[in-house]
Amino acid sequence: MAYGLALWLAAIGPASAASLDAALLPKIQAATFEVVAAKPADDPLTYEKPLPLDLLPFQERTDKYHSIGTAFAIGKNQFVTAGHVLLTGVDSLWGAPSLRDANGKIYAIDKIQKFDLRKDFVVFTVSGDPGPATLEVDTRPVLNQEVYAVGNALGTGVVIRDGLYTSDTPEQQDGAWKWMRFSAAASPGNSGGPLLSKEGKVIGVVLMKSANENLNYALQMGEVLNAPAKAVMDTRVPFRFDIFSSTLSNSLKDQFALPLGVGEFFKRYESVFNGYIDSQLKEILSKDTDKLFPRGDGSNQLLYGASWMNTVPGLIVRNSAGEWGLVEKEGNRMSLAANGYVQAGVSGHNFLLHLRRPDNLSADKLYSDPAALAEQLCKMGIFMRPVGSEQVRITSLGKPATDSVYVDHSQRRWQLRVWTLPFANTRVITYALPVPDGYAMLMRFASADDSYDNLADMRALLDYMSVGYEGSLAQWKDFLKNTALLPDALKSVHIQADYQQRFSYSSNRLAFAVTPQLQKIEPESTLTLGMGFVPDHGKVVWDVNAVSLRANPQESDRLHIERNVVPPPTLDDDAKSYWDKLLKRRHPYEGTAYSANGETRIGAPASGAGATPGVVYSVFYAMSGSQGQDSMKPKLDLLMKDLKVSEQ
């Protein structure tokens, strides 16, 4: 959802000087500046070894600044650069950009005098006195004249390259002005630099590069000089939300008066742009609200057919036909110490993670100490710092810049942590949901100037995240002690486990008990609650939909109890057939053992006297291998004996 016009030019590369009257060069050099941002003095990160900085070129490893573009003087204390170069300072971990002259002296940007987001330029002043050198302006360039693209190459001097002013092309949105196209080579660091005539006069601001041609784009200087003393934003900014296949293509339109100090300018700009993001998110979620999950017929397949047992977070998304489905990306499993692991899936730019905490890491420590979470994430090997030809692993992210709790519409309590990667001007954003065996997580890497956009997007996505709650009985005991982290739906659920004696589960809907006659009850026994969106008396609530208890990770003996609701007429014949089998106790619900996937199963329906009409629970028991009816039926009877359906 970030703003973009084309392939921006953002860093400087080496090039050879072009032919230009040597007498003009001192003035051009004195009036052209490198736009830089200070490298952070403090690094919160810890690495697996000392950074091999000797692998970096001398200039890069000794420079205290990052080079991000070029600027030039057009009058006494009046400078021009590309708008997108200035905007690298928005919410940046590097601070506001500055200018650096050929002698290495730094000048802080002071006041913003003119700004246009769509035309991509800014006029500003600086603190201090860079000297009297300025470039004359020519507002009437001629097609096919010789031109010279000027850029400052990492503080080592002005680089000038020649070419032709080849054509004009209407700007993309509605042809409100014409871009200059020119053939002079432009390294990324030329962004914001001057395009000169052979007389050394500036005719345009170098802005962007064509993705498909060996041509570059500049804005005519007449557009800069004739612009009002305002910050003008009038550009199309596409917006897409991950759960939809459609995209909004609205325009950001706003303006505010200038001049303003650079800090105040950034605040005003952020307020406008972030407000636009909020409005687009609100608009896209308000479209066809009667069809937005869990409403509308397109939701029914998921509402009446999902078990919600996935332990890696899944996204509830709508396809182009208007049908909602659960997208699960289990991805790869990365082992951690002491039986821990991270299961990581990727959907778009979202990392969907399930962290199973190591046995030697307590629940209290994990849930309360962000460093404990960060340490486990770092072990995944996805946090690396490139240094020359090497990738150095990050072992600690340090203290998060943000540590708070966000409660979604389902009353789940997500822990929001934001860490910084200063070397990359990037933030790591995690929304972590405490679950019995660790965390279910949504994670993104966000460039600093795109952080608000990502935070807003992720926060809205949480309402469309599905994840089951799973853990050993020992883990459940630790988890349930952290009452402040429990979702509201679990506060009415009571779980008791007396190892080798009895297990019981009770809620407002269902109650049952298990003894060792049925299966083992051990600290390692695995309890899974399918938590999801369930139809309930004409509305949809987030609650427990299914309960599964497995003897232990090594044995497949388990029980499974799942809530079923009579499907609406709009669902297909498969849903109706499933319901009919359940009501009429036909296979596999007739209480007869059968084989499937290397195990033996037996099942039956259950409903209580006076229970809600149209709600029936399916009850299954499974054992490994081939088992006879005389072994399986007593197991089912034991399970059914103490099972009560109590929802009204």
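The values are calculated or read from the model by the stated rules, or taken from the named source; none is laboratory data. Since this is a predicted model, take the numbers as computed values, not measurements. FYI the Cβ positions are ideal-geometry reconstructions off the backbone, even for glycines, and counts take in every protein chain you see. Surface areas here come from the heavy atoms of the whole protein model, side chains and all, with no ligands, DNA or RNA. Shrake-Rupley method; radii C 1.70, N 1.55, O 1.52, S 1.80 Å.
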For this session: Considering only the stretch 508-523, state which residues are among the charged types (D, E, K, R) and over 25 Å from SER607 (Cα atoms).
Result: LYS520, GLU522
Exercise. Can you tell me which residues in the stretch 436-457 are among the acidic types (Asp, Glu) and closer than 16 Å to ARG356 by Cβ?
Worked result: ASP437
For this session: Given the conditions (1) over 30 Å from PRO568 (Cα atoms); (2) part of a loop (DSSP other than H, G, I, E, B), report the number of the one that THR592 does not fulfil.
Result: (1)
For this session: Could you grab the pairs with beta carbons closer than 6 Å, sequence gap of 6+ or different chains, first residue in the stretch 252-281 and touching a residue at least 40 places away in the same chain (Cβ under 8 Å), second one open to solvent by 20 Å² or more (accessible area, probe 1.4 Å) and assigned to a helix (DSSP H, G or I)?
Result: ASN274/TYR452
For this session: Working carefully through the options THR88, THR62, find the one that is hydroxyl-bearing (Ser, Thr, Tyr) and in contact with a strand residue (DSSP E or B) (Cβ under 6 Å, 6 or more places away or on another chain).
Result: THR88
Exercise. Any residue at all in the stretch 386-403 that is outside any loop (DSSP other than H, G, I, E, B), out of contact with any Cys (no Cβ under 6 Å at 6 or more places or on another chain), closer than 29 Å to MET531 by Cα and not aromatic (Phe, Trp, Tyr)?
Worked result: yes
Seminar exercise, completed: Selection from the stretch 627-648 of residues more than 14 Å from ILE561 (Cβ to Cβ), in contact (Cβ under 8 Å) with a residue 12 or more places away in the chain and surrounded by 13 or more Cβ atoms within 10 Å (Cβ to Cβ) yields GLN627, GLN629, SER631, MET632, LYS633
Exercise. In the stretch 222-259, what residues are surrounded by 16 or more Cβ atoms within 10 Å (Cβ to Cβ), in a loop (DSSP other than H, G, I, E, B) and among the β-branched types (Val, Ile, Thr)?
Worked result: VAL237, ILE243
Problem set entry | Residue check for THR311: under 26 Å from the mean Cα position of the chain (by Cα), surrounded by 18 or more Cβ atoms within 10 Å (Cβ to Cβ) and over 28 Å from TYR431 (Cα atoms) | no
Exercise. List pairs: first in the stretch 474-486 and open to solvent by 40 Å² or more (accessible area, probe 1.4 Å), second part of a helix (DSSP H, G or I), Cβ under 9 Å, 6+ apart or cross-chain?
Worked result: ASP478/ALA363; ASP478/ASP364; LEU480/LEU490; LYS481/ALA363; LYS481/ASP364
For this session: Assess whether GLY189 counts as being open to solvent by less than 30 Å² (accessible area, probe 1.4 Å), within 30 Å of ASN454 (Cβ to Cβ), in contact (Cβ under 8 Å) with a residue 60 or more places away in the chain and not in a strand (DSSP E or B).
Result: yes
Exercise. If you scan the stretch 88-133, which residues turn out to be assigned to a strand (DSSP E or B), of a type in the set (D, E, K, R) and open to solvent by 30 Å² or more (accessible area, probe 1.4 Å)?
Worked result: ASP110, LYS111, LYS114
Exercise. Given MET208, MET180, which one is under 25 Å from LEU252 (Cβ atoms), more than 34 Å from the chain's Cα centre (by Cα) and open to solvent by less than 20 Å² (accessible area, probe 1.4 Å)?
Worked result: MET180
Problem set entry | Identity of the residue in the stretch 505-532, open to solvent by 20 Å² or more (accessible area, probe 1.4 Å) and assigned to a strand (DSSP E or B), that ends up nearest to THR311 (Cα to Cα) | THR526
Exercise. Within the stretch 238-268, which residues are β-branched (Val, Ile, Thr) and more than 19 Å from ASP91 (Cα to Cα)?
Worked result: ILE243, THR247
For this session: Within the stretch 192-208, track down each residue that is within 17 Å of ASP162 (Cβ to Cβ) and part of a strand (DSSP E or B).
Result: PRO194, LEU195, LEU196, SER197, VAL202, ILE203, GLY204, VAL206
Seminar exercise, completed: Residues in the stretch 134-174 that are assigned to a loop (DSSP other than H, G, I, E, B), at pLDDT 95 or above and in contact with a Pro (Cβ under 9 Å, 6 or more places away or on another chain) total 1
Seminar exercise, completed: Taking first residues from the stretch 413-434 that are on the phi > 0 side of the Ramachandran plot and second residues anywhere that are not in a strand (DSSP E or B), the pairs with Cβ under 7 Å that are 6 or more apart or on different chains are ASN425/SER92; ASN425/LEU93; ASN425/TRP94; ASN425/ALA448
Problem set entry | Pick from the stretch 542-555, criterion without any contact (Cβ under 8 Å) to a residue 40 or more places away in the chain and assigned to a strand (DSSP E or B), ranking: surrounded by the fewest Cβ atoms within 10 Å (Cβ to Cβ) | ASN552
Seminar exercise, completed: Of (1) in contact (Cβ under 8 Å) with a residue 24 or more places away in the chain; (2) touching an Asp or Glu at 6+ places or on another chain (Cβ under 8 Å); (3) farther than 24 Å from ASN425 by Cα, ARG100 fails just (3)
For this session: For the stretch 6-46, name all the residues that are part of a helix (DSSP H, G or I) and either modelled with pLDDT under 85 or open to solvent by less than 40 Å² (accessible area, probe 1.4 Å) (or both).
Result: ILE28, ALA31
Exercise. Quick one: is LYS49 open to solvent by 60 Å² or more (accessible area, probe 1.4 Å), in contact with a Leu (Cβ under 7 Å, 6 or more places away or on another chain) and modelled with pLDDT of 95 or more?
Worked result: no
Exercise. Just to be sure, is ALA622 of a type in the set (A, V, I, L, M, F, W, C), surrounded by fewer than 17 Cβ atoms within 10 Å (Cβ to Cβ) and under 29 Å from GLU524 (Cα atoms)?
Worked result: no
For this session: Quick one: in the stretch 556-582, of everything that is among the hydrophobic types (A, V, I, L, M, F, W, C) and in a strand (DSSP E or B), which residue is modelled with the lowest pLDDT?
Result: VAL565
For this session: Would you tally the residues in the stretch 383-404 being open to solvent by 40 Å² or more (accessible area, probe 1.4 Å) and either aromatic (Phe, Trp, Tyr) or touching a residue at least 24 places away in the same chain (Cβ under 8 Å) (or both)?
Result: 10
